[in-house]
Structure formats: C-alpha cells, structure tokens
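Single-structure report; data block below.
None of the figures in this text is laboratory data; all of them are computed from the coordinates on show. Bear in mind the structure is a predicted one, so any value in this text is a computation, not a measurement. Please note: Cβ atoms are built from the backbone with ideal geometry, for glycine as well, and neighbour counts cover all protein chains shown.
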Amino acid sequence: MSKKREHHKLFMVGSDAPFQFTEAYKSLRTNLEFLAATSDCKTILITSSVPGEGKSNVAVNLAITLADSGKRVVLVDCDMRKSTISRYLHIPRDHIGITNTITGKDRTQLANALVNFKDLGIVVLPVGTIPPNPSELLATKAMENTFEALKQVYDYIIVDTPPVSVVTDAAVLCKYADGALLVVRPGVTTIEGAQLSKKNLEAVNARILGVVMNGYNVKKAGKKDGYYYSYSYGYSNDDAAGKKSRSKA
C-alpha cells in the first residue's frame, strides 16, 4: 500500500522545518550511525517513562531522517495501548497491521500490512487490530519471526512502544531490539520517572543507547529562539548519564 498525503498534528523534519530542528535529528542520526558501524544497531526501540513526552514524534522524525540518508527504514507501531503514529500519518483504523500479521496464518499478510509513504521515504507497519492482551502477543514466536523478516529487508527498524514505566510492553519488546532510546521532556518527565524507566530497561538487559530530551524551550532560559534537543549516550553505574552531544533545535 502506498500513501502520499498531508500529515497533520506532527512537526516533521523536511523543507518546511526550521534548520535547527532538522540539524538536531541529523546529529542523532550521526550518533546512531556511528554505533551501527561499531556494533549491531539495526533495530531501535523508542520509549519514554510516561505519556506526553513525545516518543512517537521522535520515532517518526528519526525514521524520516535515517531514510533521508538513503537507508531503507521501516517504522513499526508497537504501541498497542494508544497508537499515535497511525493517527499522525492518517492510516485508516481498519488497516491491517502487526497484530494481524502475528495472529494470521496468511504469509502474505506482512507485505499487505506495510504502508509505503513515498513522500517521507519510509515504510510504516501500523498496529492493526488492537488486541486484549498486548504483552502476551508481543512475546510470541510469531512476533519474533516478524522482526526477523523485517531485518532481511530494511537497514533500520524503528519501534515505537508504550511508556516503559506504565506497562511491560516495552520491556518485552527489548529482546527484539539492538538498543533503546529513552525520550524525556522538561515539565513532564520527573527524575524518579526517568530513573524507574532506566531500571525497568536494565532489568531486561536492554542496551540503553541514550536519552533524547524533547521540547526544551530555551526562550525561557533567556537564549535564542527554539529549543534544545539533547542526546546522551551510555549510562554509568550511577544515575548520571554519560557524555552528551547537544545541538540546538
């Protein structure tokens, strides 16, 4: 299925986006490409501690930015609790998705579920039919097989998940991912929430690639227009994040 349409209620990188905003995501892309060059980092899970931190926004923009460099990118919506990506990109609610590919017996189901956004350069695998038991469904062999099939085709798999401190879905999905990015937002994320998210990810041996600070308004800090996006990679054994790479957006 191919889509080319307007995308509303989502600030996306592109020709109309501020230069600083686009450069911020390019900086994140560069860091991830460096990781991919030194170790396997193909499937990247995007999560947060609570709703409202902008993880789905980050997932979409990261996917577009990676695709802009010529990579084959699929964005997988695994937020089976509150799917946002399908709403952002106006994918019909009745369109089949990853849940249908897992529960269905038709091997062509995956190909039919993929939505190709030629204008964005990405392919999206939406949620599909919302299941009553997301965590159990995510842990199935069929889910593992779906990710293995995607790895054979795409350079990057970006996975949007529910907040890791709210439900166990993100923790379950970590076993399919090469690493996780934790999205935080000033005024929404608490220190306790971020620490709990880190603890939950570490409990399932997730490789935490770093933290993305989303929506920090520097106007309030008396600086130039815009906001800072901050990417921190590597965690020490204490609660402090590792070295930071920061760019203005």
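Which FRET efficiency value, to the nearest 0.05, is calculated for THR190 and VAL167 with the Förster distance at 22 angstrom and r the Cβ-Cβ distance? Write down the numbers at each step before the final one.
Numbers: r = 18 Å, r/R0 = 0.81.
Efficiency computed from Cβ-Cβ geometry: 0.80.
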Just grab the label-to-label distance for GLU202 and ASP16, each label 7 Å out from Cα along the Cβ direction, in nm (one decimal). 4.3 nm
In nm, to one decimal, how far is the THR38 label point from the ASN133 one, both placed 7 Å along Cα→Cβ? 4.2 nm
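In units of 2.2 N^0.38 Å, what is the alpha-carbon radius of gyration of the range 122-183?
Working: Rg = 11.8 Å, N = 62, 2.2 N^0.38 = 10.6 Å.
Here the answer is 1.12, to two decimals.
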Filter on LYS175/LYS199; LYS71/LYS199; LYS42/LYS82; LYS55/LYS118 - keep pairs with C-alpha separation over 27 Å: LYS71/LYS199
